[in-house]
Amino acid sequence: MNEREGRMMFRAFGSAVLLAFVVAIPSSAQQTAPSRHLDVVFVPTPSEVVDAMLKLAKVTSNDVVYDLGSGDGRIPIAAAKTYGAHAVGIDIDPERIREATANARAAAVADRVTFRNEDLFTADISPATVVTLYLSPSVNARLTPKLMKELKPGTRVVSHAFDLGSWKPQQRLTVNDRPIFLWTLAAPSGTRP
Ligand SMILES: C[S@@+](CC[C@H](N)C(=O)[O-])C[C@H]1O[C@@H](n2cnc3c(N)ncnc32)[C@H](O)[C@@H]1O
């Protein structure tokens, strides 16, 4: 490469670095805000209700627990810490994802818990064996067809406060005045769960 070619290379390379830098600024700035409006604002489940939900679902170390709208991560973190489960938290708010990821590190369960900044309506939830919810009646109603379609037979769904409309729960408990509901996905007719 002669001197002229060297200068041309430097100019081209330098422009590419500058362009990458300019593109990177807006995309990292966007990560402080959710990609769209929240369907439900963050309100944490009290810890005694978290414990009761995981107990009701009979979570074990063989489970993969998905919390849809995971907030500060307390449900996935408790599933990993108390029961040795693998757990995934999905939240549309990047601030909640950062907070939950830091909380998982502080609780020494970061090797078993993952937080994903995604919309719960489009996230892949098919690996779940347990799904936990603390959303709202209308969000639960919109979510029910996805649960039915994507979850494997035998998957347990536990919801804090809100039921799933006409989908009759197999159990309902009250913990400190808060209702929690359990369902187990049925096998398609003619097969075993
Ligand atoms: C009521 S909080 C529940 C937090 C946590 N699951 C708990 O029980 O402590 C609901 C969470 O859902 C999140 N959220 C709202 N709309 C969402 C959506 N479309 N996809 C994913 N997360 C969403 C909010 O950011 C919030 O953290």
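The values are calculated or read from the model by the stated rules, or taken from the named source; none is laboratory data. Since we're looking at a predicted model, the values are computed, not measured. So basically every Cβ, Gly included, is an ideal-geometry build from the backbone, and we count neighbours across all protein chains shown. Areas reflect the complete protein model, heavy atoms only, side chains present, ligands, DNA and RNA absent. Shrake-Rupley method; radii C 1.70, N 1.55, O 1.52, S 1.80 Å.
Taking each residue of segment 35-62 that is at pLDDT below 95 and looking for partners that are among the charged types (D, E, K, R) with beta-carbon atoms closer than 8 Å, six or more apart or interchain, yields 35/119; 36/119.
Report whether or not residue 127 is part of a loop (DSSP other than H, G, I, E, B) and touching a residue at least 12 places away in the same chain (Cβ under 8 Å). In short, yes. Filtering segment 64-104 to residues that are part of a loop (DSSP other than H, G, I, E, B) and open to solvent by 10 Å² or more (accessible area, probe 1.4 Å) leaves 69, 72, 84, 91, 92, 93.
With the requirement that a residue be touching a strand residue (DSSP E or B) at 6+ places or on another chain (Cβ under 9 Å) and open to solvent by 70 Å² or more (accessible area, probe 1.4 Å), what does segment 138-151 give you? Outline the logic, then answer.
So in segment 138-151, the residues touching a strand residue (DSSP E or B) at 6+ places or on another chain (Cβ under 9 Å) come out as 139-141, 143-144, 147-148, 151.
Correct list: 148 only.
Under the condition of being more than 9 Å from the ligand (Cβ to nearest atom) and either open to solvent by 20 Å² or more (accessible area, probe 1.4 Å) or under 11 Å from the mean Cα position of the chain (by Cα) (or both), the residues counted in segment 117-134 number 7. For segment 57-103, the tally of residues that are near the ligand (Cβ under 8 Å from one of its atoms) and basic (Lys, Arg) stands at 2. Checked against (1) free of Cβ contacts under 8 Å to residues at least 12 places away in the same chain; (2) within 14 Å of the chain's Cα centre (by Cα), residue 89 passes all but a single condition, namely (1). Test each condition in (1) within 13 Å of the ligand (Cβ to nearest atom); (2) more than 21 Å from residue 37 (Cβ to Cβ); (3) aromatic (Phe, Trp, Tyr) for residue 183 and report the one that comes out false. Here residue 183 meets the rest and fails (1). Quick check: is even one residue across segment 105-115 open to solvent by 60 Å² or more (accessible area, probe 1.4 Å), of a type outside the set (A, V, I, L, M, F, W, C) and part of a strand (DSSP E or B)? The answer is yes, given that some residue of segment 105-115 is open to solvent by 60 Å² or more (accessible area, probe 1.4 Å), of a type outside the set (A, V, I, L, M, F, W, C) and part of a strand (DSSP E or B).
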